[in-house]
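Remarks on the structure that follows.
The values are calculated or read from the model by the stated rules, or taken from the named source; none is laboratory data. All values reported here derive from a predicted model rather than from experimental measurement. Don't worry about glycine lacking a Cβ; one is built from the backbone with ideal geometry, like all the others, and counts go over all protein chains shown.
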Amino acid sequence: MANIIPLFASTGQSIVGCKAILIDDQVFVVVAQLFGGSHIYKYEESWTKFVKFQDIEVSRISKPNDIELFQIESETFFIIADSSKAGLTTVYKWNNKGFYSYQSLHEWFRDTDAEFVDIDGKSHLILSSRSQIPIILQWNKNSRKFLPHGEIANMEDVLAVKSFRIQDSLYITLTRFIGDSRVMKWNSKQFVEIQALPSRGAMILQPFSFKGHHYLALGSDYTFSQIFQWDAEKSLFQIFKEIYVQAPRSFTAVSTDRRDFFFASSFKGHTQIFEHILVDLSL
Ligand code: CA
């Protein structure tokens, strides 16, 4: 018999992000919140619960918008994107005792999202911001820091960046609330636009795949959210289905060994679960 029991309930206010980190069999949870500072909790085996492990300096993080976890050369880092006017998007690194602020990346830009991307075997971060076009930073092996490497032109006011791969090609999605969200492809020198998706109150454009079928879910705060399916012949996404979710904030694909599910979390209404079904028309 299986069960799921509550182990941890954060008492924080306005939590914007929560990421679990596993290091040497120790489980940590980074909780970023708007008020009262952001904290890291650690699972204590002997107490069988999570206890506060360390605080994240409030001077650096005032309005966290996103947490991403990544590894470079088997070392563990996480980044918190800060969206306040005085915010400082910062990379933290594990040093066997705790996490310390490793590199502050981006001051005053009101960053909305961060994405860690491996481009041609090199580590990169893409940051989107309220007040400038998305920037690309590349990990420098000598200085062991992220250095500015490029930007994505003509893309103001991007809310989120996500990366995905189809076969051997690297793609990113850029979410914009109104106007066009974009799908871009890495062409070995830069990201080039392959598709614009008209957005009506989009907070999220999420790539996902089930058993070799690739999709994009484009959220809408005003109308139906749209699911697009990858057309391998045309190398483009085609509209596949519309779903109604009130104020969707995240779309998550979950597969068991037999079935594929799609979770749509709602900010205002019901969070919904869909199932992905393949119909074999050849029978
Ligand atoms: Ca992110």
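I want to confirm something. Restricting to the range 100-146 and keeping residues that are over 18 Å from the mean Cα position of the chain (by Cα) and among the hydrophobic types (A, V, I, L, M, F, W, C), which single residue is modelled with the lowest pLDDT? The selected residue is 108. Being part of a strand (DSSP E or B), within 15 Å of the ligand (Cβ to nearest atom) and over 21 Å from residue 38 (Cβ atoms), is that true of even one residue in the range 137-148? Yes; the residues of the range 137-148 include at least one that is part of a strand (DSSP E or B), within 15 Å of the ligand (Cβ to nearest atom) and over 21 Å from residue 38 (Cβ atoms).
Annotation: of all residues in the range 111-122 being within 15 Å of the ligand (Cβ to nearest atom) and of a type in the set (A, V, I, L, M, F, W, C), the one that is surrounded by the most Cβ atoms within 10 Å (Cβ to Cβ) is 114. Scanning the range 210-226 for residues that are of a type in the set (Gly, Ala, Ser) and modelled with pLDDT of 95 or more returns 217, 219, 220, 225. For the range 222-268, a tally of residues being touching a residue at least 40 places away in the same chain (Cβ under 8 Å) and surrounded by 19 or more Cβ atoms within 10 Å (Cβ to Cβ) returns 6.
Listed by position, the strands (runs of 3 or more DSSP E) inside the range 161-233 whose residues that are in contact with a Gly (Cβ under 8 Å, 6 or more places away or on another chain) and of a type in the set (A, V, I, L, M) number at least 2 form an empty set.
Here residue 189 fulfils each of the conditions (1) farther than 28 Å from residue 132 by Cα; (2) without any contact (Cβ under 8 Å) to a residue 40 or more places away in the chain apart from (1). When we screen 72, 56, 40 for residues that are of a type outside the set (D, E, K, R), surrounded by 14 or more Cβ atoms within 10 Å (Cβ to Cβ) and at pLDDT below 90, the only hit is 56. Note on the range 94-110: residues that are away from the ligand (no atom under 15 Å from the Cβ), surrounded by 16 or more Cβ atoms within 10 Å (Cβ to Cβ) and in a strand (DSSP E or B) total 5.
Among the listed residues 125, 88, 159, which satisfies the condition of being away from the ligand (no atom under 16 Å from the Cβ) and under 29 Å from residue 41 (Cα atoms)? It is 88.
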